[in-house]
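In what follows, a single structure is set out as structure tokens and then discussed.
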Amino acid sequence: MTKRLNKLAIPYLINFIYTDPLLILHPMLKIAYSPIYIYELPDGHRFPMEKYELIPAQLLHEGTVSQENFFHPTALNDEEILLTHTAEYLDKLKTQNLSRKEIRAIGFPMSSKLIERGRYIANGTLQCARYAIKHGVAMNIAGGTHHSFADHGEGFCIYNDIAIASNILLKEGVFNKILIVDLDVHQGNGTAKIFEIEPRVFTFSMHGAKNYPVRKEQSDLDIGLADHTKDELYLSTLKDTLPNLIEQVKPQMVFYLSGVDILETDKLGRLSVSIEGCKERDRFVMQTCQDLNLPLCISMGGGYSPAIRHIVEAHANTFRLANDIFF
């Protein structure tokens with residue numbers, strides 16, 4: 001049985017030894033994490049910010065990982081961000097000159113710290129992609145900010161981490177075909193729009209058909225699921241789709257958004273997938289990529305179950321599986 005974390009132990013467990021992410025040469029699961037990921041929100045805010053503290057603490061407590069697995073990402077620079085986002089949008093963020101409507105669409109109280117936080121999270125995904133090339137897989141404790149468009153943010157998303165990482169790797173010539181597998185319950189509208197005319201990136205989103213956003217963008221492949229979809233249909237749809245999609249697209253790299261807002265307990269999800277079903281989803285994606293020797297970079301995405309333990313357990317399963325399958 002998995003050991004559970006006493007919340008009082010957190011301050012003693014989050015004592016990571018941060019290292020240069022390019023210095024670790026032996027294969028291991030590398031995980032991007034920084035204390036800056038945790039952003040103070042008003043009481044009653046619906047985003048469960050504490051998960052970014054609880055997930056790494058739980059993984060350390062139960063022995064799934066050690067401090068050596070974690071690395072502290074650096075911050076993206078403007079040039080890297082501008083490969084994906086517009087200069088006007090970046091300037092608005094840097095000068096804190098967003099309109100009330102734009103701030104409301106993002107959903108977080110605005111501050112320079114929030115903008116800086118996004119630079120670290122997005123670069124965490126890029127650095128994880130580089131680790132995945134070496135070790136097969138790497139994971140960001142945060143990320144999955146797929147509602148961020150080139151020129152604006154939405155739905156708790158400032159910078160689009162997977163889009164930024166993809167564009168940088170394409171520019172560097174590391175890859176010429178990338179597959180984005182977005183299994184958050186909400187459509188990856190920002191990602192779809194950013195890559196709508198980019199043939200080197202294939203966007204696949206499987207999401208709640210009637211869920212946010214009301215106005216969907218067009219991914220290269222969209223599968224909308226009915227409300228209350230349960231494990232059997234969810235998993236059979238994914239298993240019928242992903243292998244054929246990989247055969248068709250022939251990607252050299254996979255970015256996977258592993259949102260846990262597909263859970264039946266999720267207050268924003270509207271699907272009815274169990275924690276075991278969510279775990280099997282992750283296992284199938286990882287095993288498929290591992291069998292095909294495809295580098296896999298995983299961002300966590302959303303999760304809004306009222307009981308934080310359900311969010312932490314579902315996310316922790318993703319890390320446990322990555323460790324078991326790849327190492």
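The values are calculated or read from the model by the stated rules, or taken from the named source; none is laboratory data. A quick note: this is a predicted structure, and the numbers were derived from the prediction, not measured. Every residue, glycine as well, gets a Cβ built from its backbone with ideal geometry; the counts of neighbours run over all protein chains shown. Surface accessibility is based on the protein's heavy atoms, side chains included, excluding ligands, DNA and RNA. Shrake-Rupley method; radii C 1.70, N 1.55, O 1.52, S 1.80 Å.
Being touching a helix residue (DSSP H, G or I) at 6+ places or on another chain (Cβ under 8 Å) and of a type in the set (A, V, I, L, M, F, W, C) is the filter; apply it to the stretch 299-309 and report the residue that is surrounded by the most Cβ atoms within 10 Å (Cβ to Cβ). Show your work before the answer.
Quick first cut of the stretch 299-309, residues touching a helix residue (DSSP H, G or I) at 6+ places or on another chain (Cβ under 8 Å) only: 299-300, 303-305, 308.
With the extra rule that they be of a type in the set (A, V, I, L, M, F, W, C), the set shrinks to 300, 308.
Numbers: Met300: 24, Ile308: 14.
So the residue we want is Met300.
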Based on what the data block shows, is Leu126 open to solvent by 10 Å² or more (accessible area, probe 1.4 Å), farther than 14 Å from Gly153 by Cα and in contact with a Leu (Cβ under 9 Å, 6 or more places away or on another chain)? no
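So if I check each of Leu169, Leu179, which one is open to solvent by less than 10 Å² (accessible area, probe 1.4 Å), in a strand (DSSP E or B), in contact with a strand residue (DSSP E or B) (Cβ under 8 Å, 6 or more places away or on another chain) and more than 20 Å from Pro48 (Cα to Cα)? Give the derivation first.
Values: Leu169 fails: in a strand (DSSP E or B).
None of the other options fit; the residue is Leu179.
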Within the stretch 133-157, how many residues turn out to be assigned to a loop (DSSP other than H, G, I, E, B), surrounded by 24 or more Cβ atoms within 10 Å (Cβ to Cβ) and more than 13 Å from the chain's Cα centre (by Cα)? 1
Suppose we filter the stretch 220-241 for residues that are farther than 11 Å from Ser205 by Cα and of a type outside the set (Ser, Thr, Tyr); how many remain? 10
Got a sec? Which of Leu257, Leu263, Leu296 is farther than 28 Å from Arg130 by Cβ, in contact with a strand residue (DSSP E or B) (Cβ under 7 Å, 6 or more places away or on another chain) and crowded, with 22+ Cβ neighbours inside 10 Å? Leu263
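Give the residue, chosen from Gly259, Gly301, that is on the phi > 0 side of the Ramachandran plot and either within 16 Å of the chain's Cα centre (by Cα) or part of a helix (DSSP H, G or I) (or both).
On the way: Gly259 fails: on the phi > 0 side of the Ramachandran plot.
One residue alone meets the criteria, Gly301.
Can you go through Asn211, Asn244 and tell me which one is assigned to a loop (DSSP other than H, G, I, E, B) and either open to solvent by 10 Å² or more (accessible area, probe 1.4 Å) or in contact (Cβ under 8 Å) with a residue 12 or more places away in the chain (or both)? Walk me through how you get there before you give the answer.
On the way: Asn244 fails: assigned to a loop (DSSP other than H, G, I, E, B).
Of the residues listed, the single one that is assigned to a loop (DSSP other than H, G, I, E, B) and either open to solvent by 10 Å² or more (accessible area, probe 1.4 Å) or in contact (Cβ under 8 Å) with a residue 12 or more places away in the chain (or both) is Asn211.
Each row is one residue, and each column tells you yes or no for (1) assigned to a helix (DSSP H, G or I); (2) among the acidic types (Asp, Glu).
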{"position": "Pro27", "(1), (2)": "no, no"}
{"position": "His45", "(1), (2)": "no, no"}
{"position": "Pro56", "(1), (2)": "yes, no"}
{"position": "Leu60", "(1), (2)": "yes, no"}
{"position": "Val65", "(1), (2)": "no, no"}
{"position": "Glu68", "(1), (2)": "yes, yes"}
{"position": "Glu80", "(1), (2)": "yes, yes"}
Looking at (1) touching a helix residue (DSSP H, G or I) at 6+ places or on another chain (Cβ under 8 Å); (2) surrounded by fewer than 24 Cβ atoms within 10 Å (Cβ to Cβ); (3) in a loop (DSSP other than H, G, I, E, B), find the lone condition where His228 falls short. (1)
Within the stretch 185-200, does at least one residue satisfy the condition of being in a helix (DSSP H, G or I), surrounded by fewer than 18 Cβ atoms within 10 Å (Cβ to Cβ) and in contact with a strand residue (DSSP E or B) (Cβ under 6 Å, 6 or more places away or on another chain)? no
So which of Ser219, Ser205 ends up being of a type in the set (Gly, Ala, Ser), within 25 Å of Phe319 (Cβ to Cβ) and open to solvent by less than 20 Å² (accessible area, probe 1.4 Å)? Ser205
